[in-house]
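Colleague: Sending over a structure as structure tokens; questions will come in a sec.
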Amino acid sequence: MKLGWSYLTGLGQGILAARKWLLVYALLILLPVSILLASFYQRSNEILEQEVTRSMQLTLKQAGLNLTYKLEHIRDSSNSVFMNQILYDNLLQKASITEQLKQIKELRNLAETAQENEDIFRLRFFVDPSRLYAGDRINLYSFEDAKQYPWYESVIEAGGGMVWTGVYQEKYNDIGKKNIFSVARMLRNPQEYEEIVGILVMDVSEGLIGEIMSELQFSDKYAPFLSDASGRLIYSSDSAGLNKPDNKAGNLQKDADVLPKELLDTIEHSEEGILKRSLGREEVNVVYTTIGTTGWKLVAQVSEPEISHRATAMNQFTSIATLAGITVLFLVLVFVLFMFMIQGMQRRVQMILKMIRKEGIGWLEDRRSMPDGDFRLLERSVDHLIHKVNNLMEESYQAKMQEREAQLRTLQAQINPHFLYNALDMINWSAIAHDAEDTSQMIEALARYFRLSLNQGRDNVSIVDELNLAKVFLEIQQNRFPSTFTFTIHAEPGLEQYMMPKLTLQPLVENALLHGIRKTKQKQGGIMITAAHEQGDIVLTVSDDGTGMSQDQANRLLIDPSAGSQPGGLEGSFGLYNVNERIRYFSGNRYGLSIETEIGKGTLVTVRFKAVSSE
């Protein structure tokens, strides 16, 4: 009781000390860390906003490079067709109707070759209206048709240079309306440069630009767009109306996308950069880059709140990682502090143990005058522990003495079988002397049965010995019940080396005889015992042609040893349960007994266990 009260007192003092350390930890560690994290969060948020803007610029630049790469391929295809001599031979040659039909085929082949480039949707030639094929309107059009397009004047002024149009809607005779943009150039007579022989137009699907622009998801408010150097809108990914079907020149533009003139002047004279503009009460970052082939400007706008939101999302992870790092650092410092405290406690404990070894347990009892505390509690606990150990040692000594006495009784019990063998031997010779051959055979069989069953106190026997034991048992029973049953034993060769639990078969053959054959009306039958080796297992079977039983009752006998005491139960069923449990203990839970039976036809008991060699 005193020990328990001291323990509670020491525990209360320990709790108070823990609270003091928690308060110190909060003041010296958590408060400075919180202030440090607040300042760090503010500064890191500013840095992250700059990084977000730079990341947007790099993404925009990469998109511009991707678009430039595709437009350069289209430019190269245009140059290839522009310099093809077959084109000029067909456009300049005066020919009959038959020859013009041939020219149509060659020009279409030239167009189809160019259209093999997956980025080119359609190649069109605007030619002399007097030509028969000028009315083809698949790849060949009249020169007069070109004059209706807004880009016609720019093409004429370019004098053979390439002119890139904005996105517009074109109606094709074969497929209908489609949104496209084009690169157009004038074709001149190589012999007479002033003579215009046609216009070459390569149409490109709007999807070429849309595929790249769709990846630029910078803002929920502002859609990225393409414009030329003058600020004219070329394309926008905003589906709210920037590219309507009737937008032939690509001049529609939302107010939010119209950049101030000073920004347009700055963008026109620089390749890429980041600018700021005010849109109402909101500050907007304008990020732009140049498309090299066309001189177009790829522009994206993001408001300051959106950038701050992204930076905050990124900063949350950074703050958590930083807090974790700082916390780990301070925990290491606290661990070092506690290590010094523990070292002092360890020295005190070592002093206590040293004095116990030097002075004995009585030294603890002499220190009653010490004030209560953790170490006083420890000293009393050690005192209690030592007394407990002494009691356990005394109990261990008594257990060893009892074990020794049990061994002596076992040795004494081993004398009894020898006396039994000698007595049976004397009775056997006496029977022989009096010509009692039946009695002699019974006594000799009984002696062999005891010799095999006792097996010098060993729990496991060879399979051959177990079969011999079953044979002797059945021979004795044949003398007891003459001319009532027969038995056969069949064993595979080579089973001599394997071991099994002793007295496994005897309960099975006893049940087969007494509860199977002896309960038939004729009280006659046969018993068969087999032993075989199957894929690493030993399988023994005991079968009889006796009364049998229901399969449900047989299954219960293996899991419920009390099944035999129930109405209709099988007497001696505890032996089956016991054998099954010993086999499972010997080989594992997947081994044991199985019973196949049918009322009036007999019973087959199968014993399966792991093949264990005696070597």
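The values are calculated or read from the model by the stated rules, or taken from the named source; none is laboratory data. In this text the structure is predicted, and so the values were computed from the model without any measurement. Glycine gets a Cβ as well: all are built from the backbone with ideal geometry, and neighbour counts include every protein chain shown.
Colleague: Of all residues being small (Gly, Ala, Ser) and closer than 19 Å to Asn479 by Cα in region 513-537, which is nearest to the chain's Cα centre (by Cα)? Just the residue, please.
Modeller: Gly516
Colleague: Does Glu215 satisfy the condition of being modelled with pLDDT of 80 or more, touching a helix residue (DSSP H, G or I) at 6+ places or on another chain (Cβ under 9 Å), of a type outside the set (A, V, I, L, M, F, W, C) and part of a loop (DSSP other than H, G, I, E, B)?
Modeller: So Glu215 passes the test.
Colleague: Can you run down the residue pairs with Cβ atoms below 8 Å, 6 or more apart or on separate chains, where the first is in region 287-299 and within 19 Å of Ser214 (Cβ to Cβ) and the partner is among the basic types (Lys, Arg) and in a strand (DSSP E or B)?
Modeller: Listed by first residue and then by second, the contacts come to Tyr288/Lys297; Thr289/Lys297; Ile291/Lys297.
Colleague: Here are Ile212, Ile180: which of them is assigned by TED's automatic domain parsing to the domain that holds Asn84, in contact with a Leu (Cβ under 7 Å, 6 or more places away or on another chain) and closer than 19 Å to Arg75 by Cβ?
Modeller: The conditions single out Ile212.
Colleague: Give just the number: which of (1) of a type in the set (S, T, N, Q); (2) modelled with pLDDT under 90; (3) surrounded by fewer than 19 Cβ atoms within 10 Å (Cβ to Cβ) does Ser573 not satisfy?
Modeller: Of the numbered conditions (1) of a type in the set (S, T, N, Q); (2) modelled with pLDDT under 90; (3) surrounded by fewer than 19 Cβ atoms within 10 Å (Cβ to Cβ), the odd one out for Ser573 is (3).
Colleague: Within region 580-608, which residues are more than 19 Å from Ala512 (Cβ to Cβ) and either assigned to a strand (DSSP E or B) or not assigned by TED's automatic domain parsing to the domain that holds Asn460 (or both)?
Modeller: none
Colleague: For Val539, state whether it is touching a strand residue (DSSP E or B) at 6+ places or on another chain (Cβ under 7 Å) and in a helix (DSSP H, G or I).
Modeller: In short, no.
Colleague: Does region 324-344 include one or more residues that are assigned to a loop (DSSP other than H, G, I, E, B), among the hydroxyl-bearing types (Ser, Thr, Tyr) and at pLDDT below 70?
Modeller: The answer is no; no qualifying residue exists.
Colleague: Would you confirm whether any residue within region 283-299 is modelled with pLDDT under 75, small (Gly, Ala, Ser) and assigned to a loop (DSSP other than H, G, I, E, B)?
Modeller: Checked against the condition, which is being modelled with pLDDT under 75, small (Gly, Ala, Ser) and assigned to a loop (DSSP other than H, G, I, E, B), region 283-299 yields no hits at all.
Colleague: For Ala95, indicate whether it is at pLDDT 85 or above and hydrophobic (A, V, I, L, M, F, W, C).
Modeller: Considered against the rule, which asks whether it is at pLDDT 85 or above and hydrophobic (A, V, I, L, M, F, W, C), Ala95 comes out as no.
Colleague: Which pairs turn up if I take residues in region 567-592 that are more than 19 Å from Leu540 (Cα to Cα) and charged (D, E, K, R) and look for partners that are buried (at least 17 other Cβ atoms within 10 Å of the Cβ) and at pLDDT below 85 with beta carbon separation below 9 Å, at least 6 apart in sequence or on another chain?
Modeller: Close Cβ pairs satisfying both conditions: Glu571/Gly564.
Colleague: A further question follows. Of Ile86, Ile74, which residue is in a helix (DSSP H, G or I) and either at pLDDT below 85 or surrounded by fewer than 16 Cβ atoms within 10 Å (Cβ to Cβ) (or both)?
Modeller: Criteria check complete, one pass: Ile86.
Colleague: A follow-up question, please. From the list Thr488, Thr504, Thr530, exactly one residue is among the polar types (S, T, N, Q) and buried (at least 21 other Cβ atoms within 10 Å of the Cβ). Which is it?
Modeller: Thr504
Colleague: Considering only region 185-228, state which residues are among the aromatic types (Phe, Trp, Tyr) and within 52 Å of the chain's Cα centre (by Cα).
Modeller: Passing the criteria: Phe218, Tyr222, Phe225.
Colleague: Taking region 112-136, which residues are surrounded by 20 or more Cβ atoms within 10 Å (Cβ to Cβ) and closer than 21 Å to Trp151 by Cα?
Modeller: Ile120, Phe121, Arg122, Leu123, Arg124, Phe125, Phe126, Val127, Ala134
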